[in-house]
Every structure is written in structure tokens, then in C-alpha cells.
Amino acid sequence: MQNVKSSEVSAKRERTAVRRPSSFVEAEYAREVDAYRSSRRLMPLLLLGDAKVVLDQLPESSIDFAMTSPPYWGKREYEGGGIGLESDYRDFIRHLSEIFFFSQTRS
């Protein structure tokens, strides 16, 4: 009986697991953006990763729109660190400003 129950739980997890659409990119950003730009896809291309790393790999004039929800300073804990964990709020502001400025050079 136990084996049946655990397989039912596994099957339910598979059915309810969040699946990322194929428009999510987590590596080789420049290549993926170039391929996307040459296609006629209407689905948005979503780039997941550290903002500085992603932006550094994008060609200039390749951003049409950016949507963000910046982290709160000292309020969240992100896996592997991230912006918002600085000990001084001025460092937090500087890190956000660097990313926003850098993104403007790519648009």
C-alpha cells in the first residue's frame, strides 16, 4: 500500500510542477537573443540570471522593454546572495544604479 501511495504522490507532483516555457533562457544569452531577434516569434524572451552577467552578454540596441521588481534592502534572502543583502544601504543603491545605468547602454 505504501508504494502505491508514494507513486500517486510522485504522479501528482509531476502534474502540478511548474514548467518553464521554452522562452526562458538561463545561459548563452547573446546567442539566444540573436536567434530570437532573427525569428518572427511573438512570445517574449525571458532571460533569467544575474542582471550584470546577462546585460554584459547582450548586444547593444537589443532591449526593447525591461520589467523588474528590485529587491528590498535587507528584507529578503536570496539563494546564492544577491542585491539587497549589503550591510550599508548606500552600497545597495549603488548596485541598483549600476544595473539600471548599464541596461540603458544596451537599449
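FYI, it's all coordinate maths here, none of it is from the lab. Just so we're clear, the structure is a prediction, and the values are computed from it rather than from any experiment.
Pop out the ³J(HN,Hα) list for the stretch 39-47 in order, Karplus 6.51 cos²θ - 1.76 cosθ + 1.60 with θ = phi - 60°, rounded to Hz; leave Gly and Pro as x.
8, 10, 5, 9, 6, x, 9, 10, 9
Can you list the residues, at least 5 places off or on another chain, whose amide H is less than 5 Å from the amide H of F24, using H built in the peptide plane?
Correct list: L46.
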